[in-house]
Amino acid sequence: RGSMLLMRAPAATEQAPPRPQARGKVVIQRQVIVRSVRVRPKPASRATHVGWRESKGLQCVPVKAIAGASLSGQNSVDFILKDRRRIRARLNAACPALDYYQGFYLSPGEDGMLCADRDFVRSRMGRECGIRRFRLLVPVRD
């Protein structure tokens, strides 16, 4: 003899039992991964060599304007903007881990800007390096 399990469907006047509601916190973080390269200058004639002079920079840079980056030392990163300008981010301290995986993360503010004295660059190994200031790089022919 087989047994059968029957479940009673709720009558039209009865309400279905309430479904449990999930309660939790949703955190959305925006990060930008920047692949960087260490630029090694090619041997060139003296007439074509271009150096860079730092001048007063901006307080903030729109992250969408960044086209690429290159490491210019353990305490600075050069950002190449889409409009072909270059901006150097001077970091609060030496950050040697930035070039280990040839890339780093940027965590812009909610405004989509990367700002000095507020935001930081994070190495792919997890080290955070605060941005102290931005300097505009002006080409100088030697």
Spin-label pair residue 128/residue 105, simplified geometry with 7 Å Cα→Cβ offset, distance in nm: 1.1 nm
task: Evaluate the distance, in nm, between pseudo-label points positioned 7 Å from the Cα of residue 65 and of residue 141 along their respective Cα→Cβ axes.
output: 2.7 nm
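None of the figures in this text is laboratory data; all of them are computed from the coordinates on show. It should be emphasised that the depicted structure is a prediction, and the values quoted were computed from it without experimental measurement. Positions of Cβ are generated from backbone atoms using ideal geometry, with glycine treated the same way; all protein chains shown enter the neighbour counts.
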